[in-house]
1. Above 16 Å lies some portion of the pair distances; for the stretch 52-107, what is it as a whole percent of all C-alpha pairs?
2. How do 242-248, 45-51, 316-322, 55-61 rank on mean C-beta neighbours within 10 Å, highest first?
3. Based on other C-beta atoms within 10 Å, arrange Ser315, Ser20, Ser249 from fewest to most.
4. Based on the alpha-carbon set only, what is the convex hull volume of the chain divided per residue, in Å³?
5. Given the stretch 5-335, what count of lysine pairs have C-alpha atoms under 13 Å apart, with each pair 8 or more places apart or on different chains?
6. For the stretch 56-63, in order, what is each residue's ³J(HN,Hα) by Karplus, 6.51 cos²θ - 1.76 cosθ + 1.60 with θ = phi - 60°, in whole Hz (x at glycine and Pro)?
7. Would you be so kind as to identify all helices of the chain, as entire DSSP H runs, whose Cα atoms reach 27 Å or more along the helix's own axis and whose mean Kyte-Doolittle hydropathy is at least -1.0?
8. Residues of the stretch 145-189 with the amide nitrogen closer than 17 Å to a label point 7 Å from the Cα of Ser271, along Cα-to-Cβ, please.
Amino acid sequence: MHMADALISAATGGVMWAASAGTASYSVRKVQTGLDESENKIPLMGVTGAFVFAAQMINFTIPGTGSSGHIGGGLLLAVMLGPHAGFLTMISILAIQALFFADGGLLALGCNIFNMGFFTCFVAYPLVYRKITRGRLSKKTILAGSVLAAVVGLQLGSLAVVLETVLSGKTELPFSTFLLMMQPIHLAIGVIEGLVTASALTFLWNARPELLEIDGSRKEIINSSNKRIIAFILCAALIVGGAVSWYASDNPDGLEWSIEKTIGSSEVEGSSIIHEFFGNIQDRISFLPDYSFKSDAKTQTPENLGTSVSGIAGSILTLALAAMVGAVSKKHRRNNKKIKE
C-alpha cells in the first residue's frame with residue numbers, strides 16, 4: 001500500500017508530512033520518558049524493523065483476484081515494542097524503502113507513514129488488539145486480536161489512501177469506484193496479515209512471553225538474556241529478504257490492482273514541478289530501485305541476485321536506522337535526567 005508521488009498533490013503531501021512529523025515528535029518524547037521501555041528494547045527495534053522490511057518484500061497472491069498483498073507489520077511492531085517505538089521503527093522501514101529502493105514516493109512518504117504506521121500503532125493496537133488480549137493472553141485471543149486489529153488497521157489505511165487522492169484532486173480516480181476497489185481487496189489482505197501476525201506472536205509468546213504485553217504491562221527485559229531471540233529474528237530477516245523474497249507474487253499489489261481496475265492502468269501521471277523535483281532526488285539516491293539492480297545493457301545479472309542483495313542490504317540499513325533512533329532517544333533521556341538533577 002505504498003503510495004507513489006503521482007497519487008497526491010504537493011499540498012496533500014505537505015500536510016501529511018506535517019502530520020507524520022508531529023506524530024513522530026510525540027512518539028520520540030514518549031519513548032524518551034521510558035513509557036515504552038525503549039532503553040531495554042533498542043536491539044529489538046533494530047531486528048524487528050529488519051524483519052518487517054524483509055517481510056514486506058513477500059507479496060502473497062490473493063486467490064481469484066489477480067492481485068497480491070504483503071504484510072504492513074505495524075501491528076507486530078506495536079505489540080513487541082509499544083505503539084511509540086513501533087511507530088518510529090515503521091518510519092525507519094518506510095524511509096529506507098523510499099530512499100534506496102524507490103518503493104513509495106518521497107513526497108508521499110508522509111502519507112505512507114501515517115497510513116501504515118499511525119492507524120496500526122495508535123488505533124488498531126490499543127483499541128482492538130489490547131482490548132481483546134489484555135489480561136487473558138492465549139492462542140485464541142492472540143489470533144482474534146491479531147486478525148481483527150490487522151483488518152481494522154488496513155481498512156483505515158486503505159480508506160486514507162482514497163481520501164488523500166480525492167483531496168489531491170485526482171479526478172481520474174473517482175471516490176466511489178476507487179473505494180469499492182480498495183476496501184474489499186485490503187480486507188482480504190488484512191485477514192492474511194492478521195493470521196501471519198498471530199503466528200509470529202504465538203511463537204514469541206511460547207518462546208519469550210516477556211516480549212509481549214500481558215495484563216496491560218511488560219516485564220523488564222534484560223538484553224543479555226535476549227541474545228538468542230534477537231539473533232533468531234535477525235537471521236529470519238536475512239533469510240526472508242535474501243532467499244524467500246525470490247518467491248514473491250508477481251501480481252500487482254492491492255493499491256496497484258485497485259487503480260488498474262478503476263482507470264484501466266496502474267500508472268497515474270504526476271507532472272508538476274514538485275513531482276519532478278522529488279522524482280529526480282529519488283532517481284539519484286535509490287541504488288536498487290524496485291529491489292533490483294539498475295538496468296545496464298553491458299551487464300547481465302540474475303534477477304534473484306538483485307532481490308537478494310536488496311533484501312539483505314535493506315534489512316541491515318533498517319536495523320541500523322531503527323537502532324540509531326532508539327539509541328538517540330536513550331541518550332536524550334539520560335541528558336534530560338542530568339539537566340533536571
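1. The proportion of pairs with Cα distances above 16 Å equals 51 percent.
2. Going from most to least packed, we get 45-51, 316-322, 55-61, 242-248.
3. With the fewest neighbours first, Ser315, Ser20, Ser249 line up as Ser249, Ser20, Ser315.
4. Roughly 142 Å³ of hull volume per residue.
5. Lysine pair count for the stretch 5-335: 4.
6. Taking θ as phi minus 60°, the curve returns 5, 7, 8, 7, 9, 6, 8, x Hz for the stretch 56-63.
7. Correct list, ordered by number: 10-32, 139-167, 175-207, 303-340.
8. Those under the cut-off are 169-173.
A short reminder: the numbers here are calculations on the coordinates, not readings from a lab. This is a predicted model, so every value here is computed, not measured. Every residue, glycine among them, receives a Cβ derived from its backbone with ideal geometry; neighbour counts consider all protein chains shown.
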